[in-house]
1. Given the criteria of a type in the set (A, V, I, L, M, F, W, C), at pLDDT 95 or above and either open to solvent by 20 Å² or more (accessible area, probe 1.4 Å) or closer than 14 Å to Trp284 by Cβ (or both), does Leu93 qualify?
2. Would you confirm whether or not segment 171-185 contains a residue that is of a type in the set (Gly, Ala, Ser), open to solvent by 10 Å² or more (accessible area, probe 1.4 Å), free of Cβ contacts under 8 Å to residues at least 24 places away in the same chain and closer than 20 Å to Ile232 by Cβ?
3. Given the options Ala109, Ala105, Ala88, name the one that is open to solvent by less than 20 Å² (accessible area, probe 1.4 Å), over 21 Å from the mean Cα position of the chain (by Cα) and of a type outside the set (D, E, K, R).
4. Determine which member of the set Leu309, Leu283, Leu268 is open to solvent by less than 20 Å² (accessible area, probe 1.4 Å) and more than 30 Å from Leu229 (Cβ to Cβ).
5. Inside segment 262-285, can you point out the residues that are among the charged types (D, E, K, R), out of contact with any helix residue (DSSP H, G or I) (no Cβ under 8 Å at 6 or more places or on another chain) and not in a loop (DSSP other than H, G, I, E, B)?
6. Looking at Gly19, is it in a loop (DSSP other than H, G, I, E, B), open to solvent by less than 30 Å² (accessible area, probe 1.4 Å), closer than 16 Å to Glu103 by Cβ and not polar (S, T, N, Q)?
7. Restricting to segment 70-85, give me the number of residues that are open to solvent by less than 10 Å² (accessible area, probe 1.4 Å) and in contact with a Gly (Cβ under 8 Å, 6 or more places away or on another chain).
8. Just checking, which of Leu115, Leu119 is more than 15 Å from the chain's Cα centre (by Cα), open to solvent by 10 Å² or more (accessible area, probe 1.4 Å) and within 19 Å of Arg295 (Cβ to Cβ)?
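The values are calculated or read from the model by the stated rules, or taken from the named source; none is laboratory data. It should be emphasised that the depicted structure is a prediction, and the values quoted were computed from it without experimental measurement. Positions of Cβ are backbone-derived with ideal geometry, glycine not excepted, and every protein chain shown enters the neighbour counts. These area figures cover heavy atoms from the full protein model, side chains too; ligands, DNA and RNA do not enter into them. Shrake-Rupley method; radii C 1.70, N 1.55, O 1.52, S 1.80 Å.
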Amino acid sequence: MERFRALVVDKTENQFTVGVQSLSLDDLSEGEVLIRVAYSGVNYKDGLAASPKGRVVRSYPIVPGIDLAGTVAASSDPRFREGDEVLATSYELGVGHSGGFSEYARVPAAWVIPLPKGLSHREAMILGTSGLTAALSVHRMEENGLRPGNGPVLVAGATGGVGSHAVSMLAALGYEVTASTGKAQEHDYLRGLGAASILNREELYPETVKPLTKERWAGAVDPVGGAALPHILSAVRRGGSVALSGLTGGAEFTAAVFPFILRGVNLLGIDSAYCPLPLRQRLWERMASDLKPPRLEAMVHAETTLDGLPDALQHILQSGVRGKVIVKLK
(Lines give C-alpha, C1' and ligand atoms only; values in the text may rest on other atoms or scores of the structure.)
Protein backbone atom coordinates (compact mmCIF):
# COMPACT_ATOMS: atom_id res chain seq x y z
CA MET A 1 0.00 0.00 0.00
CA GLU A 2 2.98 2.35 -0.07
CA ARG A 3 1.92 3.48 -3.53
CA PHE A 4 -1.24 2.79 -5.54
CA ARG A 5 -2.91 4.09 -8.69
CA ALA A 6 -5.84 6.48 -8.94
CA LEU A 7 -7.44 8.78 -11.46
CA VAL A 8 -6.86 12.38 -10.42
CA VAL A 9 -8.61 15.49 -11.69
CA ASP A 10 -6.84 18.79 -11.08
CA LYS A 11 -7.61 22.37 -11.97
CA THR A 12 -5.43 25.43 -11.67
CA GLU A 13 -5.85 28.94 -12.97
CA ASN A 14 -4.37 27.98 -16.33
CA GLN A 15 -4.77 24.22 -16.65
CA PHE A 16 -7.25 21.37 -16.26
CA THR A 17 -5.93 17.79 -16.17
CA VAL A 18 -7.39 14.29 -15.92
CA GLY A 19 -5.00 11.37 -15.60
CA VAL A 20 -3.82 8.33 -13.67
CA GLN A 21 -1.31 9.08 -10.93
CA SER A 22 0.60 7.19 -8.25
CA LEU A 23 -0.66 8.15 -4.78
CA SER A 24 0.03 7.34 -1.14
CA LEU A 25 -2.48 7.01 1.69
CA ASP A 26 -1.56 10.53 2.78
CA ASP A 27 -3.09 11.81 -0.45
CA LEU A 28 -6.54 10.45 0.43
CA SER A 29 -9.29 12.26 2.31
CA GLU A 30 -9.92 11.53 5.97
CA GLY A 31 -12.19 8.70 7.11
CA GLU A 32 -12.41 5.79 9.53
CA VAL A 33 -12.55 2.99 6.95
CA LEU A 34 -9.82 2.19 4.43
CA ILE A 35 -11.19 0.13 1.55
CA ARG A 36 -9.36 -1.82 -1.10
CA VAL A 37 -11.59 -1.02 -4.05
CA ALA A 38 -12.60 -3.90 -6.30
CA TYR A 39 -15.06 -2.12 -8.60
CA SER A 40 -16.48 1.31 -9.23
CA GLY A 41 -18.91 2.63 -11.84
CA VAL A 42 -19.15 5.58 -14.19
CA ASN A 43 -22.02 7.99 -13.53
CA TYR A 44 -23.07 11.21 -15.22
CA LYS A 45 -21.88 13.11 -12.13
CA ASP A 46 -18.44 11.55 -12.57
CA GLY A 47 -18.38 12.87 -16.12
CA LEU A 48 -19.14 16.33 -14.78
CA ALA A 49 -16.37 15.99 -12.19
CA ALA A 50 -13.90 15.28 -14.97
CA SER A 51 -15.05 18.24 -17.06
CA PRO A 52 -13.66 21.78 -16.63
CA LYS A 53 -17.25 23.08 -16.86
CA GLY A 54 -18.82 20.47 -14.60
CA ARG A 55 -19.33 22.63 -11.50
CA VAL A 56 -19.70 19.71 -9.10
CA VAL A 57 -16.22 19.45 -7.57
CA ARG A 58 -15.74 21.27 -4.26
CA SER A 59 -11.95 21.54 -4.38
CA TYR A 60 -9.00 20.26 -6.42
CA PRO A 61 -7.18 17.95 -6.81
CA ILE A 62 -9.86 15.26 -6.51
CA VAL A 63 -10.16 11.53 -7.12
CA PRO A 64 -13.59 11.18 -8.80
CA GLY A 65 -15.90 8.20 -8.51
CA ILE A 66 -19.14 8.51 -6.54
CA ASP A 67 -19.46 4.71 -6.18
CA LEU A 68 -17.17 2.01 -4.84
CA ALA A 69 -17.30 -1.56 -3.60
CA GLY A 70 -14.49 -3.55 -2.06
CA THR A 71 -12.95 -5.05 1.05
CA VAL A 72 -12.04 -3.29 4.28
CA ALA A 73 -8.25 -3.03 4.61
CA ALA A 74 -8.29 -1.20 7.96
CA SER A 75 -10.88 0.44 10.19
CA SER A 76 -10.90 2.53 13.35
CA ASP A 77 -14.69 2.13 13.61
CA PRO A 78 -15.84 -1.01 15.48
CA ARG A 79 -18.71 -1.57 13.04
CA PHE A 80 -16.23 -2.62 10.35
CA ARG A 81 -13.32 -5.04 10.46
CA GLU A 82 -10.55 -5.97 8.09
CA GLY A 83 -11.88 -8.34 5.45
CA ASP A 84 -15.48 -7.09 5.54
CA GLU A 85 -17.08 -6.67 2.13
CA VAL A 86 -18.62 -3.22 1.85
CA LEU A 87 -19.88 -0.55 -0.52
CA ALA A 88 -20.27 3.21 -0.46
CA THR A 89 -22.16 5.48 -2.83
CA SER A 90 -22.64 9.23 -3.22
CA TYR A 91 -22.60 11.59 -0.22
CA GLU A 92 -19.47 13.68 -0.98
CA LEU A 93 -17.57 10.88 -2.71
CA GLY A 94 -15.82 12.00 -5.87
CA VAL A 95 -16.77 15.66 -5.56
CA GLY A 96 -15.72 16.81 -2.09
CA HIS A 97 -13.99 13.66 -0.83
CA SER A 98 -11.62 11.31 -2.67
CA GLY A 99 -13.75 8.71 -4.43
CA GLY A 100 -13.84 5.31 -6.02
CA PHE A 101 -11.57 5.70 -9.05
CA SER A 102 -8.66 4.51 -6.95
CA GLU A 103 -7.19 1.20 -5.84
CA TYR A 104 -7.69 2.37 -2.24
CA ALA A 105 -10.25 4.75 -0.75
CA ARG A 106 -10.60 6.14 2.76
CA VAL A 107 -14.24 6.77 3.63
CA PRO A 108 -16.16 8.00 6.71
CA ALA A 109 -17.78 5.03 8.42
CA ALA A 110 -21.18 6.75 8.27
CA TRP A 111 -21.08 6.42 4.47
CA VAL A 112 -20.23 2.70 4.42
CA ILE A 113 -22.72 -0.17 4.41
CA PRO A 114 -22.09 -3.93 4.40
CA LEU A 115 -22.36 -5.56 1.00
CA PRO A 116 -25.78 -7.29 1.06
CA LYS A 117 -25.89 -11.06 0.67
CA GLY A 118 -26.89 -11.83 -2.88
CA LEU A 119 -24.68 -9.17 -4.46
CA SER A 120 -21.05 -9.39 -5.59
CA HIS A 121 -18.79 -6.33 -5.75
CA ARG A 122 -19.29 -6.27 -9.51
CA GLU A 123 -23.09 -6.52 -9.29
CA ALA A 124 -23.19 -3.78 -6.65
CA MET A 125 -21.36 -1.45 -9.01
CA ILE A 126 -23.53 -2.30 -11.99
CA LEU A 127 -26.27 -1.00 -9.73
CA GLY A 128 -24.37 1.78 -7.92
CA THR A 129 -25.90 5.22 -7.51
CA SER A 130 -28.01 4.79 -10.63
CA GLY A 131 -29.55 1.61 -9.22
CA LEU A 132 -30.09 3.25 -5.84
CA THR A 133 -31.77 6.19 -7.56
CA ALA A 134 -34.08 3.87 -9.50
CA ALA A 135 -34.89 1.87 -6.36
CA LEU A 136 -35.63 5.06 -4.40
CA SER A 137 -37.86 6.25 -7.24
CA VAL A 138 -39.86 3.01 -7.14
CA HIS A 139 -40.00 3.12 -3.33
CA ARG A 140 -41.29 6.72 -3.23
CA MET A 141 -43.94 6.05 -5.88
CA GLU A 142 -45.10 2.94 -4.01
CA GLU A 143 -45.31 5.03 -0.83
CA ASN A 144 -47.65 7.31 -2.76
CA GLY A 145 -49.95 4.52 -3.86
CA LEU A 146 -48.44 3.10 -7.06
CA ARG A 147 -49.40 -0.54 -7.61
CA PRO A 148 -49.04 -2.85 -10.66
CA GLY A 149 -52.77 -2.74 -11.34
CA ASN A 150 -52.90 1.07 -11.55
CA GLY A 151 -51.79 1.25 -15.17
CA PRO A 152 -48.63 1.71 -17.25
CA VAL A 153 -45.56 3.43 -15.81
CA LEU A 154 -43.38 5.65 -18.01
CA VAL A 155 -39.59 5.58 -17.76
CA ALA A 156 -37.92 8.53 -19.49
CA GLY A 157 -34.30 8.28 -20.63
CA ALA A 158 -34.76 4.54 -20.47
CA THR A 159 -31.39 3.50 -21.92
CA GLY A 160 -29.38 5.42 -19.32
CA GLY A 161 -28.21 4.03 -15.99
CA VAL A 162 -31.21 5.09 -13.88
CA GLY A 163 -33.64 4.40 -16.72
CA SER A 164 -32.36 0.90 -17.46
CA HIS A 165 -32.56 -0.10 -13.81
CA ALA A 166 -36.01 1.42 -13.41
CA VAL A 167 -37.36 -0.48 -16.45
CA SER A 168 -36.00 -3.78 -15.15
CA MET A 169 -37.05 -3.25 -11.51
CA LEU A 170 -40.58 -2.16 -12.37
CA ALA A 171 -41.08 -4.99 -14.89
CA ALA A 172 -39.84 -7.57 -12.37
CA LEU A 173 -42.40 -6.26 -9.85
CA GLY A 174 -45.21 -6.79 -12.34
CA TYR A 175 -45.66 -3.25 -13.69
CA GLU A 176 -46.48 -2.52 -17.33
CA VAL A 177 -43.52 -0.36 -18.37
CA THR A 178 -43.45 2.17 -21.21
CA ALA A 179 -39.81 2.96 -21.99
CA SER A 180 -38.99 6.26 -23.70
CA THR A 181 -35.87 6.59 -25.86
CA GLY A 182 -34.63 8.42 -28.90
CA LYS A 183 -32.42 5.49 -29.91
CA ALA A 184 -34.26 3.23 -32.34
CA GLN A 185 -31.43 0.67 -32.25
CA GLU A 186 -32.03 0.09 -28.52
CA HIS A 187 -35.63 -1.12 -28.67
CA ASP A 188 -34.65 -4.79 -28.40
CA TYR A 189 -32.43 -3.96 -25.41
CA LEU A 190 -35.31 -2.28 -23.58
CA ARG A 191 -37.74 -5.08 -24.38
CA GLY A 192 -35.16 -7.51 -23.05
CA LEU A 193 -35.18 -5.59 -19.76
CA GLY A 194 -38.95 -5.99 -19.58
CA ALA A 195 -40.43 -2.94 -21.31
CA ALA A 196 -43.94 -3.69 -22.59
CA SER A 197 -43.89 -0.80 -25.07
CA ILE A 198 -41.46 1.77 -26.46
CA LEU A 199 -42.24 5.48 -26.79
CA ASN A 200 -40.27 7.70 -29.15
CA ARG A 201 -38.60 10.41 -27.08
CA GLU A 202 -39.96 13.10 -29.43
CA GLU A 203 -43.49 12.34 -28.21
CA LEU A 204 -42.52 13.86 -24.86
CA TYR A 205 -41.75 17.17 -26.59
CA PRO A 206 -44.96 18.24 -28.37
CA GLU A 207 -44.96 21.64 -30.08
CA THR A 208 -47.73 22.80 -27.79
CA VAL A 209 -47.75 21.60 -24.19
CA LYS A 210 -51.26 21.52 -22.76
CA PRO A 211 -51.78 21.91 -18.99
CA LEU A 212 -53.73 18.64 -19.01
CA THR A 213 -53.88 15.92 -21.64
CA LYS A 214 -55.37 12.44 -21.80
CA GLU A 215 -54.49 10.40 -18.71
CA ARG A 216 -51.89 7.84 -19.83
CA TRP A 217 -49.51 6.84 -17.05
CA ALA A 218 -50.05 5.76 -13.46
CA GLY A 219 -46.59 7.09 -12.71
CA ALA A 220 -43.28 8.04 -14.25
CA VAL A 221 -39.59 7.73 -13.45
CA ASP A 222 -37.87 10.81 -14.88
CA PRO A 223 -34.06 11.02 -14.69
CA VAL A 224 -34.07 13.57 -17.54
CA GLY A 225 -36.04 16.63 -16.40
CA GLY A 226 -36.15 19.77 -18.51
CA ALA A 227 -38.67 20.48 -21.25
CA ALA A 228 -40.25 17.00 -21.29
CA LEU A 229 -41.41 17.18 -17.68
CA PRO A 230 -44.45 19.47 -18.21
CA HIS A 231 -45.89 17.09 -20.82
CA ILE A 232 -45.24 14.06 -18.59
CA LEU A 233 -47.04 15.76 -15.71
CA SER A 234 -49.99 16.63 -17.94
CA ALA A 235 -50.52 12.96 -18.88
CA VAL A 236 -50.21 11.30 -15.45
CA ARG A 237 -53.38 9.70 -14.15
CA ARG A 238 -55.27 10.99 -11.14
CA GLY A 239 -53.28 10.48 -7.94
CA GLY A 240 -50.20 9.32 -9.83
CA SER A 241 -46.60 10.34 -9.20
CA VAL A 242 -43.55 11.47 -11.14
CA ALA A 243 -40.22 10.61 -9.50
CA LEU A 244 -37.75 13.25 -10.72
CA SER A 245 -34.04 12.51 -10.25
CA GLY A 246 -32.02 14.14 -13.03
CA LEU A 247 -31.34 17.10 -15.25
CA THR A 248 -29.72 15.76 -18.40
CA GLY A 249 -32.58 17.42 -20.29
CA GLY A 250 -32.08 20.73 -18.49
CA ALA A 251 -32.39 22.20 -15.01
CA GLU A 252 -35.48 24.33 -15.67
CA PHE A 253 -39.06 23.64 -16.71
CA THR A 254 -42.32 25.57 -16.90
CA ALA A 255 -45.53 23.83 -15.95
CA ALA A 256 -49.11 24.69 -14.97
CA VAL A 257 -50.54 23.88 -11.56
CA PHE A 258 -53.49 21.94 -13.03
CA PRO A 259 -52.00 18.41 -12.80
CA PHE A 260 -51.43 18.99 -9.09
CA ILE A 261 -54.72 20.63 -8.10
CA LEU A 262 -57.12 18.91 -10.51
CA ARG A 263 -55.65 15.39 -10.60
CA GLY A 264 -53.66 15.28 -7.38
CA VAL A 265 -50.46 14.41 -9.21
CA ASN A 266 -47.35 14.16 -7.02
CA LEU A 267 -43.94 15.47 -8.14
CA LEU A 268 -41.42 13.55 -6.04
CA GLY A 269 -37.87 14.83 -5.72
CA ILE A 270 -35.42 11.91 -5.62
CA ASP A 271 -32.19 12.67 -3.75
CA SER A 272 -30.20 9.45 -3.59
CA ALA A 273 -26.96 11.27 -2.70
CA TYR A 274 -28.07 11.99 0.85
CA CYS A 275 -30.66 9.25 1.27
CA PRO A 276 -30.82 8.52 5.04
CA LEU A 277 -28.72 5.53 6.04
CA PRO A 278 -31.59 3.30 7.35
CA LEU A 279 -33.55 3.75 4.10
CA ARG A 280 -30.36 3.38 2.06
CA GLN A 281 -29.60 0.05 3.72
CA ARG A 282 -33.19 -1.11 3.23
CA LEU A 283 -33.05 -0.25 -0.47
CA TRP A 284 -29.74 -2.07 -0.94
CA GLU A 285 -31.24 -5.14 0.72
CA ARG A 286 -34.13 -4.91 -1.76
CA MET A 287 -31.67 -4.54 -4.65
CA ALA A 288 -30.20 -7.85 -3.55
CA SER A 289 -33.65 -9.46 -3.51
CA ASP A 290 -36.96 -8.31 -5.04
CA LEU A 291 -35.49 -5.26 -6.79
CA LYS A 292 -32.45 -7.06 -8.21
CA PRO A 293 -32.74 -6.74 -12.00
CA PRO A 294 -33.02 -10.25 -13.48
CA ARG A 295 -30.77 -9.31 -16.42
CA LEU A 296 -28.22 -7.23 -14.53
CA GLU A 297 -25.29 -8.16 -16.76
CA ALA A 298 -27.25 -7.04 -19.84
CA MET A 299 -26.99 -3.48 -18.51
CA VAL A 300 -23.19 -3.44 -18.70
CA HIS A 301 -22.24 -1.20 -21.60
CA ALA A 302 -18.54 -1.83 -21.03
CA GLU A 303 -15.97 -2.70 -18.40
CA THR A 304 -12.90 -0.51 -18.24
CA THR A 305 -9.80 0.13 -16.13
CA LEU A 306 -8.27 3.29 -14.70
CA ASP A 307 -6.41 3.83 -17.97
CA GLY A 308 -9.63 3.75 -19.98
CA LEU A 309 -11.56 6.03 -17.66
CA PRO A 310 -10.84 9.42 -19.28
CA ASP A 311 -12.49 8.29 -22.52
CA ALA A 312 -15.43 6.72 -20.66
CA LEU A 313 -16.01 9.91 -18.69
CA GLN A 314 -16.18 12.00 -21.86
CA HIS A 315 -18.45 9.45 -23.51
CA ILE A 316 -21.08 9.54 -20.75
CA LEU A 317 -21.50 13.30 -21.12
CA GLN A 318 -22.28 12.80 -24.80
CA SER A 319 -25.18 10.43 -24.01
CA GLY A 320 -23.23 7.68 -25.72
CA VAL A 321 -23.70 5.06 -23.01
CA ARG A 322 -26.42 2.43 -22.82
CA GLY A 323 -26.78 1.08 -19.32
CA LYS A 324 -23.64 1.20 -17.17
CA VAL A 325 -19.87 1.37 -17.56
CA ILE A 326 -18.10 -0.36 -14.68
CA VAL A 327 -14.49 0.05 -13.60
CA LYS A 328 -12.37 -2.87 -12.40
CA LEU A 329 -9.72 -1.79 -9.90
CA LYS A 330 -8.13 -5.14 -9.03
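1. Details: of a type in the set (A, V, I, L, M, F, W, C): yes; at pLDDT 95 or above: yes; either open to solvent by 20 Å² or more (accessible area, probe 1.4 Å) or closer than 14 Å to Trp284 by Cβ (or both): no.
Against the criterion (of a type in the set (A, V, I, L, M, F, W, C), at pLDDT 95 or above and either open to solvent by 20 Å² or more (accessible area, probe 1.4 Å) or closer than 14 Å to Trp284 by Cβ (or both)), Leu93 does not qualify.
2. As a first pass, look at segment 171-185 and keep what is of a type in the set (Gly, Ala, Ser): 171-172, 174, 179-180, 182, 184.
Imposing the further condition that a residue be open to solvent by 10 Å² or more (accessible area, probe 1.4 Å) reduces the set to 171-172, 174, 182, 184.
Cutting the leftovers down to free of Cβ contacts under 8 Å to residues at least 24 places away in the same chain gives us 182, 184.
Of the ones still in play, those that are also closer than 20 Å to Ile232 by Cβ are 182.
Yes, some residue in segment 171-185 is of a type in the set (Gly, Ala, Ser), open to solvent by 10 Å² or more (accessible area, probe 1.4 Å), free of Cβ contacts under 8 Å to residues at least 24 places away in the same chain and closer than 20 Å to Ile232 by Cβ.
3. That would be Ala109, the only listed residue that is open to solvent by less than 20 Å² (accessible area, probe 1.4 Å), over 21 Å from the mean Cα position of the chain (by Cα) and of a type outside the set (D, E, K, R).
4. Details: Leu283 fails: more than 30 Å from Leu229 (Cβ to Cβ); Leu268 fails: more than 30 Å from Leu229 (Cβ to Cβ).
It is Leu309.
5. Scanning segment 262-285 gives Arg282, Glu285.
6. Taking the combined requirement at face value, the residue does not satisfy it.
7. Narrowing segment 70-85 to residues open to solvent by less than 10 Å² (accessible area, probe 1.4 Å): 70, 72.
Filter once more, keeping what is in contact with a Gly (Cβ under 8 Å, 6 or more places away or on another chain): 72.
Residues meeting the conditions: 1.
8. On the way: Leu115 fails: within 19 Å of Arg295 (Cβ to Cβ).
None of the others qualify; the one that does is Leu119.
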